[in-house]
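Computed from the coordinates by the stated procedures, all read-outs in this text should not be read as laboratory data. Quick caveat: nothing in here was measured; it's all calculated off a predicted structure. Neighbour counts are summed over all protein chains in view; Cβ atoms, including those assigned to glycine, are modelled from backbone coordinates with ideal geometry.
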Amino acid sequence: MRLRPIRLTDARSWSQARIADQQHLEPWEPGPGRGWEERHKAQHWLSLWSQLRAHTKKGVVYPLVIEVDRTYAGQLTIGGVQRGALQSAWIGYWVASRVCGGGVATAAAALAVDWCFQTLKLHRVEATTRRENFASKTVLERIGFREEGLIKDYLVVQGMWRDHVLFGLTAPETRGGVVNRLVREGKILGAAPPAGGRARLL
C-alpha cells in the first residue's frame, strides 16, 4: 500500500470506484444525498482535480490516492492546514469496499499522520466521524486518536445535518512515528511514505 498525489488521469478510476461503492460510501459521505452517480461521473474529475491542485499549491490541502498493489483503492485528504499558533490540519479518507478489513485505511491514515508531524511539522491533527461509523472510529483509535467530544449538526450527510465525533492527536503523542509503532504491534505489515516526500506532493 502507498499514498501518492492525485492525478488528472485518475478520472476513470475515481468515477468507477465511487459509483460501484455507492452503498458502501454514501451513508458517511457529506453531500446533498441525491444524484450520487451524476456527481461522480468521470467528466467532473477535471473540475475537482483543478480545485484541489490550487489548494495544494497554497499549502492548505494535500489530496492523495490510496493504492494497493499499484491499483486505485481510495483517497485520503490532509486539509485545513493552519500555520501560526495553531499548526494543525484534519484528515479524511475512504477506501473501496474490496479492501476493507485488511488494514488499508489504518496504514494510509498512519502514513498521513506521520507525514503531517514529521514533514509538515504540524502540532495537531484532527478527524471527525459519525458515531455510527464503527469502522472509521476503530481506525482512528488504533492510530492513537483521542475522542474529544461531540459536534452537533456538523455536516450534511444524505440530506440531513448529522452529529459527528471529534478526534484529536498531537505530535508529542506519536514520538517514534505511528507507522513504526503499528508495525511493531503487528497491526500493519509496513507501508511506503507519500511518494517522494514534500516535493512530490506539491
Taking R0 as 22 Å, what's the FRET efficiency between L8 and C100 from their Cβ-Cβ distance, rounded to 0.05?
-> 0.20
Selected from L46, L86, L182 as most flexible by GNM, with the chain as the system and alpha-carbon contacts under 10 Å | L86
Using helices alone, what [θ] at 222 nm do you get for the chain, with -39,500 (n - 2.57) per DSSP H run of 4 or more residues, divided over all residues and rounded to the nearest 500?
-> -9000 deg cm²/dmol
Could you work out which residue, out of G176, G84, G31, moves most in a Gaussian network model of the chain, that is, has the largest mean-square fluctuation with Cα springs under 10 Å?
-> G84
Treat each spin label as a single point 7 Å out from the Cα along the C-beta direction, and report the T119 to M160 distance in nm.
-> 3.9
Restricting the range 25-88 to trypsin sites (Lys or Arg not before Pro) in coil, as DSSP defines it, with at most 15 other Cβ within 10 Å | R34, K41, K58, R70, R83
Percent of alpha carbon pairs in the chain separated by more than 23 Å?
-> 43
Coil-residue chymotrypsin sites (Phe, Trp or Tyr not before Pro) of the range 82-124, DSSP, other Cβ within 10 Å capped at 12 | none
Do any GluC sites (Glu not before Pro) in the range 41-150 lie in a DSSP loop with no more than 13 other beta carbon atoms within 10 Å, and if so, which?
-> E132
Estimated vicinal HN-Hα couplings, Hz - the range 90-100 in sequence order (Karplus 6.51, -1.76, 1.60; Gly, Pro = x) = 10, 10, x, 7, 8, 10, 4, 4, 5, 10, 5
Springs between alpha-carbon atoms under 10 Å, Gaussian network over the chain: tell me which of A108, A20, A11 tops the mean-square fluctuations.
-> A20
